[in-house]
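Participant: Below: one structure in structure tokens.
Derivation of every value follows stated rules applied to the coordinates shown; laboratory data play no part. All figures in this text were calculated on a predicted structure; none of them were measured in a lab. Virtual Cβ from ideal backbone geometry, glycine too; neighbours counted across all protein chains shown.
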Amino acid sequence: MNPLVNAALSRSRTTLSILFVALIAGLSAYLAIPKDGDPDVQIPFVMVTVVHVGASPEDAERLLGRPLERELIGLEGLVDVQTFAIESTVAMVLEFAPSIDIDEGMVDVREKVDIAQAEFPDDTEEPRITQFNTATDNILRLAISGTAPERTLVRLARELKTEIETISAVLNASMYGQRWELLEISIDQSKLEAYQIGVGPLIQTITMNNRLIAAGDVRGAEGRFAIKVPGLIETGADLGAITIMTRDEAVITLSDIADIRRT
């Protein structure tokens, strides 16, 4: 028989005592060690994103990516830098050594990005610096694609986002990749002259009709009722219905003097 097993059997009380102490120690450690179903694990990765609408991938890399690389490449504890350039956007992923305090690293990154920002072209959006964090990272990512028109896909994505946000366990849902639609107004110069309307007053009228109006509320015996006044332009029909002027009891709207279409 194995000498170790033989010694344990011959000293059964001692063996049981050791097993009992080990069991108590293990149970105590299990109860004392912090447990979290979704632990906040610090990951030594930082992403810097810069957007300049209309820039090609080549221009984005040259005008945005290179100034960032020149400043960030010398950061203490930096292990690797990966730069990605797409239409209108440059994204840089910075990997730091595990021994680096990521909070201090974020401060250094912000300082370097502020320096590089001075070389960015005009109209460049404010850089976004994001720290990878398991507590706030996306749990689920969905992509919608198909042969349907882009507007149809965007509409379906918005409807899906609204449905997902109704789930009680979902903290937040965000949608990316959609292009903002614009309403283009083509003014008929001959109609402007016929109605004696100036371009300046026309622009001012459109601007004044695209403001949020705080109407307040009305209090009565049965309670308080909020008053809503339509003020923001949401569709092409809203834009076309703006009253430009009245003449001989006739109302002249924007659609009477201009063509409105989506772009």
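Participant: Any idea what the relative contact order of the chain is, in percent, if you count C-alpha pairs under 8 Å spaced at least 6 apart? Numbers along the way, then the final one.
Facilitator: On the way: 283 pairs, mean separation 39.7, N = 263.
So the answer I get is 15 percent.
Participant: Pop a pseudo-label 7 angstrom from the Cα along the beta-carbon direction at both THR130 and ILE33 and give the gap in nm to one decimal.
Facilitator: Reported label-point gap for THR130 and ILE33 is 3.3 nm.
Participant: Return one number: the angle in degrees, 0 to 90 and rounded to the nearest 10, between the long axis of the Cα atoms of helix 199-208 and the longest principal axis of the Cα atoms of the chain.
Facilitator: Its long axis makes an angle of about 50 degrees.
Participant: What Kirkwood Rh does the chain have if only Cα atoms enter the pairwise 1/r average? Answer in Å.
Facilitator: 25.9 Å
Participant: Next up: Read phi for every residue in the stretch 182-197 and hand back ³J(HN,Hα) as whole Hz from Karplus 6.51 cos²θ - 1.76 cosθ + 1.60, θ = phi - 60°, with x for Gly and Pro.
Facilitator: Result, rounded to whole Hz: 10, 9, 9, 10, 9, 8, 8, 4, 5, 6, 4, 5, 5, 8, 6, 10.
Participant: Of ILE164, LEU64, SER88, whose Cα points farthest to the positive end of the dipole of the chain (charges on the beta-carbon: +1 Lys, Arg; -1 Asp, Glu; origin at the Cα centre)?
Facilitator: With unit charges placed on the Cβ atoms, the residue in question is ILE164.
Participant: With +1 on each Lys and Arg Cβ and -1 on each Asp and Glu Cβ, how big is the dipole of the chain about its Cα centre, in debye rounded to the nearest 20?
Facilitator: Numbers: 23 positive and 40 negative charges, 268 e Å.
The dipole magnitude comes to about 1280 debye.
Participant: For the Cα atoms of the chain, what angle does the longest principal axis make with the long axis of helix 12-32, in degrees from 0 to 90, nearest 10?
Facilitator: For 12-32 against the chain, the angle is about 20 degrees.
Participant: Then there is this: Just want the ordering: VAL154, VAL53, from fewest to most Cβ atoms lying within 10 Å of their own Cβ.
Facilitator: Details: VAL154 17, VAL53 11.
Sorted ascending by nearby Cβ count, the order is VAL53, VAL154.
Participant: Could I ask something else about it? Could you give the longest part of the chain that holds none of the GluC sites (Glu not before Pro) found in DSSP loops with at most 14 neighbouring Cβ atoms within 10 Å? Kindly include the intermediate steps, with their values, before the conclusion.
Facilitator: Numbers: sites that count: GLU76, GLU87, GLU119, GLU125, GLU181, GLU222, GLU234, GLU249.
It works out to 1-75.
Participant: Which longest run of the chain has no exposed loop site in it, a site being trypsin sites (Lys or Arg not before Pro) in a DSSP loop with at most 11 other beta carbons within 10 Å, and the site itself not part of the run? List each step's numbers first, then the result.
Facilitator: Values: sites that count: LYS35, ARG141, ARG179, ARG211, LYS228.
Counting only loop sites that pass the neighbour cut-off, the longest clear stretch is 36-140.
Participant: Could you tally the net charge around GLU165, taking each other residue with its Cβ under 13 Å from the Cβ of GLU165, Lys/Arg +1 and Asp/Glu -1? Each step should come with its number before you reach the end.
Facilitator: Values: positive: ARG158, LYS161; negative: GLU159, GLU163.
Taking every other residue near GLU165 into account, the sum is 0.
Participant: Relative to the first principal axis of the alpha-carbon coordinates of the chain, what is the inclination of helix 102-117, with its axis defined by its Cα atoms, in degrees from 0 to 90 and to the nearest 10?
Facilitator: The angle comes out at about 30 degrees.
Participant: OK, next. Efficiency by 1/(1 + (r/R0)^6): what FRET value for ALA148 and GLU249, r their Cβ-Cβ distance, R0 = 51 Å, to the nearest 0.05? Display every interim value, and only then the final one.
Facilitator: Values: r = 46 Å, r/R0 = 0.90.
The computed FRET efficiency comes out at 0.65.
Participant: Still on this model: Return the single residue from LEU27, LEU192, LEU75 with maximal mean-square fluctuation; model: Gaussian network over the chain, springs between Cα atoms under 10 Å.
Facilitator: So, out of LEU27, LEU192, LEU75, the one fluctuating most is LEU27.
Participant: What nm distance separates the two modelled labels at ILE187 and ILE242, each placed 7 Å from Cα along Cα→Cβ?
Facilitator: 1.0 nm
Participant: Using amide H atoms built in the peptide plane, which far-off residues or other-chain residues are under 5 Å from ALA55 H to H?
Facilitator: The answer is SER88.
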